[in-house]
Structures are given as C-alpha cells and as structure tokens.
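Some notes on the structure that comes next.
The values are calculated or read from the model by the stated rules, or taken from the named source; none is laboratory data. Here the structure is a predicted model, which is why all the values come from computation and not from measurement. Here the Cβ positions follow ideal geometry from the backbone for every residue, glycine too, while neighbour counts run over all protein chains shown. Surface areas here come from the heavy atoms of the whole protein model, side chains and all, with no ligands, DNA or RNA. Shrake-Rupley method; radii C 1.70, N 1.55, O 1.52, S 1.80 Å.
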Amino acid sequence: VTTFQSYLQKKSQQLEIEMEKYLPKNTCPLYQAMHYVCFNGGKRLRPILTYATAEALSKNSSNLVDTAACAIELIHCYSLVHDDLPAMDNDDIRRGKPTCHIAFGEAEAILVGDALQTLAFEILSQDSSDADKRLQLIHCLSNASGNKGMVLGQSIDTSSHENFLFDDLKYMHRLKTGCLIKAAVKFGVIASGFHEADISKKLESYAEHLGLAFQIYDDLLDETTDTKTLGKPSLSDRKNNKNTYVSFLGLSGAEQFAKEEAQQAIAALEGLSLKNNYLIDIANYSITRTF
Ligand code: IPE
Ligand code: IPE
Ligand code: MG
Ligand code: MG
Ligand code: MG
C-alpha cells in the first residue's frame, strides 16, 4: 500500500464519519434511500480533493473542512441518482448495486436527489462564528452545481445529439463534471482560510485541467471496462448515443487528451510550495484508475 493509497483510505473514512452525522439510520423510506446512495463505495474524489487542497495550504485542519467535504459529496451523490434515472442515462447499476430508482422507485429517487441537494446547503449554513467563509462556500457550490454549472452541462448532455462540435464537447464536460471538481478545490482554499490570489489562481487552473481529464477518462472507461469492475453499466454512452471524447477521437485519441490534461493540471502546480504532493497524485490517479 502506497502513502497515497492509505491517504485515500484515511480521508474516505474521515468523510464517512462526518456524513453519518447528517444521515442517521432511520426506517423512513426517504432516509433509507438517502443512506443507500451515500454509503456504497464511491471513490470520494471530490471531498478528498477538498481535504488535500486544504492540507496542502495549511497545517491546521478545521471542522469547516469536514463540513465542506461532506457538502460536496452530497451534491455529487445527488447528481448520480438523477443522472441514472430513466429520463436521463437510464442505468440500472451504480457503485456496484441497483441504482436508486431500481431499488426504491423513480419518485423516491427524484426526491432523494432533491433532499441531498438541500441537505448540502443546510449543513454549510449551520451556525458557526465564521459566517463569511460559509457564505463563500454556499456561493461557490450553488454556482458550480446549478444552472451555470453542472445542471447546465447535464442539460447539454441530454439534449444535444446532432451538429455537436468538438468545442461543444469540451464545454459540456467542463460544465457537467469540471465545475464540481473545481469547486472541490476552491472549497479547500476557502475552508482553510487561505487568501493569496496568485496561488488560488494556479490551484483553479489545476482543477480545470483535472476536471476535464477526469471526465475524458470516464468516457474511456465506459468503452474499455466491464460492468463489474466499473460498478456501473459498461457501454452506457454507446447505448445512449452520447457525444464523448471516445466517439469523437477514438480510444487512443481520448486517452492522449486525458493524459495531456492531467499533465497540464500537474504543470499548473509548478512553483507552489505545497505542504504535500497529493494533488499531483490525484491528477495521476484520475487517468490510471480502474473505475
Ligand atoms: C462519476 O463520478 C460521474 C462523473 C462525473 C464522471 P465518479 O467516478 O467520481 O463516481 P464515484 O463517486 O466514484 O462513484
Ligand atoms: C455524469 O456523466 C456527470 C454528472 C454530473 C453526474 P456520466 O453520465 O458520464 O457519469 P457516469 O458515467 O454515469 O458515472
Ligand atoms: Mg450522464
Ligand atoms: Mg451516466
Ligand atoms: Mg460516464
């Protein structure tokens, strides 16, 4: 086990302890379904990015970093539940288990997404002395996940099939996946209380490239990896006739693009004296992972 692998494990555990606080076990179907989609073996890449960024900037960790990490994972889990719905990608498996709408029905799955989304903002808004940081986090996350970010990307993804250009594809990927990944890094900056504009800019550039690399590699995995390994249906994009980096460039073209974006992410960190190397490890991981 490498240092990076044990870091991933340690931070996943830290996140899950935090998430359990907000998602207590309960027999009510809504709460059961929320628990089901949140504790099912996600990679936790976004909250880990928040932790890694905060820890790269400051030695002192705060409760706010845990809250921020948790909020971003709640938004991500909601996005997956809705992404899998019959009206969207219509997929039956997520993180190795039946998707929320298969296990609990479509209406409950829609409501689970609604509830996780509002819960994310609720926990960010909860009482604390540091109202200013909390407001910044709320502003950042609402921008990244809503109609200027992820939701717009998802809309483009579901509505556009013809006359789709390569530039549209990049724009769509940046929105549907890149925005939340960028917010995860910004969350680390905000929650750590870090202020230097220069350094924040470089970290944002890192996150932009990483977000693109991550979704391009997701397109690639969809074509190259079996359902069992992926934990979600293989060839889902093909089934839905999606515009992806693979449909535009083929497997090796897409892989090349993912590599270049990951390299640019790492290059953006040059000259920063960070307190750990995990952001570099995460960029490499984004294009070498098996699922
Ligand atoms: C899947 O995200 C959806 C995309 C934006 C590509 P992840 O690959 O991070 O999924 P989990 O959280 O590990 O299941
Ligand atoms: C999903 O992209 C992006 C989201 C905002 C959830 P995909 O549809 O490619 O994600 P997977 O492959 O189902 O995880
Ligand atoms: Mg989708
Ligand atoms: Mg999907
Ligand atoms: Mg995909």
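Under a point-charge model restricted to the Cβ atoms of Lys and Arg (+1) and Asp and Glu (-1), what is the dipole moment magnitude of the chain relative to its Cα centre, in debye to the nearest 20?
580
Rounded to the nearest 10 Å², what accessible area does THR3 have for a 1.4 Å probe in the complete protein model?
In the full protein context, THR3 sits at about 100 Å².
Given H placed 1.01 Å from N in the peptide plane, which residues other than close sequence neighbours of LYS97 have an amide H under 5 Å from its amide H?
Result for LYS97 returns nothing.
What is the local net charge at HIS195, summed over the other residues whose Cβ is closer than 15 Å to its Cβ (Lys, Arg +1; Asp, Glu -1)?
-1
Using the basic label-point model (7 angstrom from Cα toward the beta carbon), what is the SER6 to ALA87 distance in nanometres?
Going from the SER6 label point to the ALA87 one covers 4.8 nm.
Can you give me the C-alpha center-to-center distance between the range 114-143 and the range 27-58, rounded to a whole angstrom?
15
Of the cross-linked pairs LYS201/LYS259; LYS97/LYS170; LYS59/LYS148, which ones have a Cα-Cα span greater than 27 Å in the structure shown?
LYS97/LYS170; LYS59/LYS148
Using a cut-off of 13 Å between beta-carbons, work out the net charge of the residues near LEU269 (Lys and Arg +1, Asp and Glu -1, LEU269 not included).
-2
Could you compute how much accessible surface THR27 exposes when probed at 1.4 Å, giving the result in Å² to the nearest 10?
120
State in Å² the accessible area per residue of the chain; use a 1.4 Å probe, count heavy atoms of protein chains only, and round to the nearest integer.
46
Which of rounded, prolate, oblate describes the range 83-167, given a ≥ b ≥ c as roots of the alpha-carbon gyration tensor eigenvalues and a/c under 1.5 marking rounded, otherwise prolate only if a/b is larger than b/c?
Taking the square roots of the gyration eigenvalues as a ≥ b ≥ c, the range 83-167 is oblate.
Mean Kyte-Doolittle hydropathy of 0.0 or higher plus an axial Cα length of 30 Å or more: which whole DSSP H helices in the chain meet both?
What comes out of the filter, once short or polar helices are dropped, is 63-84.
Residue separation times 0.36 nm, minus the C-alpha to C-alpha distance between GLN126 and ILE110: what's the value?
Working it through step by step, the gained length comes to 3.3 nm.
Per DSSP helix of 4 or more residues, -39500 (n - 2.57); summed, then divided by the residues of the chain. What does that give at 222 nm, rounded to the nearest 500?
-22500 deg cm²/dmol
Run the dipole for the range 117-227 about the Cα centre, Lys and Arg Cβ at +1, Asp and Glu Cβ at -1, nothing else charged, and hand back the magnitude in debye, nearest 20.
440
Specify which residue in the list LEU180, ALA197, LEU165 is farthest towards the positive end of the charge dipole of the range 147-226, using unit charges on the beta carbon of Lys, Arg (+1) and Asp, Glu (-1), about the Cα centre.
Positive-most Cα among the choices belongs to ALA197.
Tally up the carbon and sulfur contribution to the accessible surface of the range 31-172 as a whole percent, 1.4 Å probe, everything protein left in place.
Carbon-and-sulfur percentage of accessible area, whole number: 51.
Among residues other than MET19 whose Cβ falls under 12 Å from its Cβ, what is the net charge (Lys/Arg +1, Asp/Glu -1)?
So the surrounding residues net to -3.
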